[in-house]
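Shown next, in structure tokens, is the structure this report addresses.
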Amino acid sequence: MAAAKTKSPAKEGGGSRGGAAMTAAYESLQAYACAARKEKGSPLEDIDDVKKFQKLKLADCTNTLTSALKELDVSYHSSCIRTANQIFVDFPKLNKGNYKFFRGRGAIHDQIYATFNKLKKDSGISNANKWNPADIWIIKQGISFKSDFKTLDQFNNYILQLFNNNEAIGVSLKKLDKKGGAKGISFNTGKSLGAKFAGFKVGDSVDSSKDVYIEFNAEGKQGAIQLRVFSSRPDPGSWQGEIGGKTAAGGKVGGGNMIEAARASGVIDSSSLRPQNFAGSINNPTDKDIKDFIGYWKQVKNIKSMSKKQQDELFQQIKSTAKSDKTWWLSKYVSLRYCAAVMKSKKENEVTNWIYRYGSSAVENSSAFIKYGPD
């Protein structure tokens with residue numbers, strides 16, 4: 001059985017603690033809000049509608065309702081209310097059938113992840129969260145769950161069947177904005193979902209930040225993949241991507257997966273894709289390193305020409321910053337080099353889409369779920 005995920009909820013608002021504790025509280029409160037919506041039989045007005053159903057027999061969660069409410073501030077209360085209401089709009093069968101809402105446990109919940117763990121070998125997916133990132137499961141009571149499958153593909157087809165029949169619905173969550181409604185987007189249900197490359201963003205000046213962004217459009221919304229070293233130290237192993245914006249995707253994409261995104265998309269495999277190969281140039285950058293950096297900067301920023309004076313000034317600026325801020329030097333260099341390699345192979349769309357789909361748990365052998373976030 002897979003352990004409950006510790007994916008962090010959105011950082012706005014916040015409760016008394018962070019990390020796994022807040023995640024458990026947030027996801028549990030969402031399950032309780034759905035149970036209250038079911039028991040009430042009409043849209044929830046506010047958190048008091050949830051408190052009225054203190055027993056909430058239709059929810060089974062790792063947190064009690066009292067502890068979840070104590071952990072979270074009112075911004076989470078509002079998000080859970082609006083999301084619960086939208087779920088019942090999108091799945092009208094929930095209004096009539098006998099359903100229960102689970103967070104982190106439950107007989108069928110446990111069987112789902114036990115079956116995945118049994119079949120995951122050779123699937124290319126070892127992380128249950130990349131197979132199905134559901135934070136809560138909506139299960140129709142009385143169904144006879146099957147687990148005697150020989151391949152993960154067969155099991156995924158069964159999960160899709162349960163999803164389409166409204167018998168087992170995995171729901172992934174993203175906290176809503178202060179205003180506005182919730183929108184659900186289904187993944188791995190046969191619909192063609194993906195992202196289209198929109199451009200690179202590298203900053204106005206070369207040393208304004210240590211980030212480089214791959215901007216995209218997906219599901220009618222804008223987003224960006226942030227490339228950087230996610231550490232205060234110049235550690236090549238901490239270079240990775242993070243998907244942001246109001247799209248249904250989200251979360252970090254490790255450096256190894258960033259490299260795989262390029263290779264799988266047809267980018268010419270070279271040292272340009274491997275941050276570790278830059279380790280020797282962190283403390284003692286050569287003039288060639290700096291000149292290469294300038295070349296990547298011009299390419300990614302689409303600078304057609306630069307005078308010798310401008311280039312000399314840029315050289316000195318980079319040399320000075322690289323000496324004083326080694327984390328910036330590593331982060332900016334590796335990120336620019338990666339983007340330049342993608343551009344050289346003319347695979348911007350393919351790489352962007354691969355990263356987006358990976359972050360959305362929509363890669364090959366992932367299973368059906370729906371994600372709710374800001375509309």
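The values are calculated or read from the model by the stated rules, or taken from the named source; none is laboratory data. From a predicted model like this one, the values you see are computed outputs, not experimental measurements. Because the Cβ atoms are built from the backbone with ideal geometry, glycine has one as well, and the counts that use them run over all protein chains shown.
Tell me, please, whether a residue that is charged (D, E, K, R) and closer than 30 Å to residue 225 by Cβ can be found in segment 137-145. Break it down stepwise before answering.
Quick first cut of segment 137-145, residues charged (D, E, K, R) only: 140.
Filter once more, so that each one left must be closer than 30 Å to residue 225 by Cβ: none.
No, every residue in segment 137-145 fails to be charged (D, E, K, R) and closer than 30 Å to residue 225 by Cβ.
One line per residue, one yes/no per condition, for (1) over 20 Å from residue 259 (Cα atoms); (2) of a type outside the set (Lys, Arg); (3) surrounded by 18 or more Cβ atoms within 10 Å (Cβ to Cβ):
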{"residue": "197", "(1), (2), (3)": "no, yes, yes"}
{"residue": "201", "(1), (2), (3)": "no, no, no"}
{"residue": "204", "(1), (2), (3)": "yes, yes, no"}
{"residue": "210", "(1), (2), (3)": "no, no, yes"}
{"residue": "216", "(1), (2), (3)": "no, yes, yes"}
{"residue": "225", "(1), (2), (3)": "no, yes, yes"}
{"residue": "231", "(1), (2), (3)": "no, yes, no"}
{"residue": "240", "(1), (2), (3)": "no, yes, yes"}
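Note down all Cβ pairs under 7 Å where the first residue falls in segment 294-310 and is assigned by TED's automatic domain parsing to the domain that holds residue 338, the second is not aliphatic (A, V, I, L, M), and they're at least six residues apart or on different chains.
Matching pairs, first to second residue: 294/311; 294/315; 296/337; 300/200; 300/339; 306/298.
Restricting attention to segment 186-197, and to residues there that are in contact with a Ser or Thr (Cβ under 8 Å, 6 or more places away or on another chain) and modelled with pLDDT of 90 or more, which single residue is farthest from residue 160 (Cα to Cα)? Lay out the reasoning, then the answer.
So in segment 186-197, the residues in contact with a Ser or Thr (Cβ under 8 Å, 6 or more places away or on another chain) come out as 187-188, 193, 195-197.
Now drop any that are not modelled with pLDDT of 90 or more, which leaves 187-188, 195-197.
On the way: 187: 10, 188: 8, 195: 23, 196: 26, 197: 29 Å.
The selected residue is 197.
Can you pull out the residues in segment 340-367 that are crowded, with 23+ Cβ neighbours inside 10 Å, modelled with pLDDT of 95 or more and either in contact with a strand residue (DSSP E or B) (Cβ under 7 Å, 6 or more places away or on another chain) or within 26 Å of residue 283 (Cα to Cα) (or both)?
Across segment 340-367, the qualifying residue is only 352.
Provide a single number: the residues in segment 247-278 that are in a loop (DSSP other than H, G, I, E, B) and modelled with pLDDT under 90. Don't jump to the end; show me each part of the working.
From segment 247-278, those in a loop (DSSP other than H, G, I, E, B) are 247-250, 254, 265-270, 274; that's our starting set.
Then keep just the ones that are modelled with pLDDT under 90; that gives 247-250, 268-270, 274.
Looking only at that region, the number is 8.
Yes or no, residue by residue, for (1) charged (D, E, K, R); (2) not in a helix (DSSP H, G or I):
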{"position": "280", "(1), (2)": "no, no"}
{"position": "289", "(1), (2)": "yes, no"}
{"position": "297", "(1), (2)": "no, no"}
{"position": "303", "(1), (2)": "no, yes"}
{"position": "306", "(1), (2)": "no, yes"}
{"position": "315", "(1), (2)": "no, no"}
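Checking residue 365 against (1) part of a helix (DSSP H, G or I); (2) more than 17 Å from residue 241 (Cα to Cα): exactly one of these is not met. Which one?
Going through the list (1) part of a helix (DSSP H, G or I); (2) more than 17 Å from residue 241 (Cα to Cα), residue 365 breaks only (1).
Of all the residues that make up segment 142-172, how many are at pLDDT below 95 and either closer than 21 Å to residue 94 by Cα or not assigned by TED's automatic domain parsing to the domain that holds residue 80 (or both)?
Looking only at that region, the number is 4.
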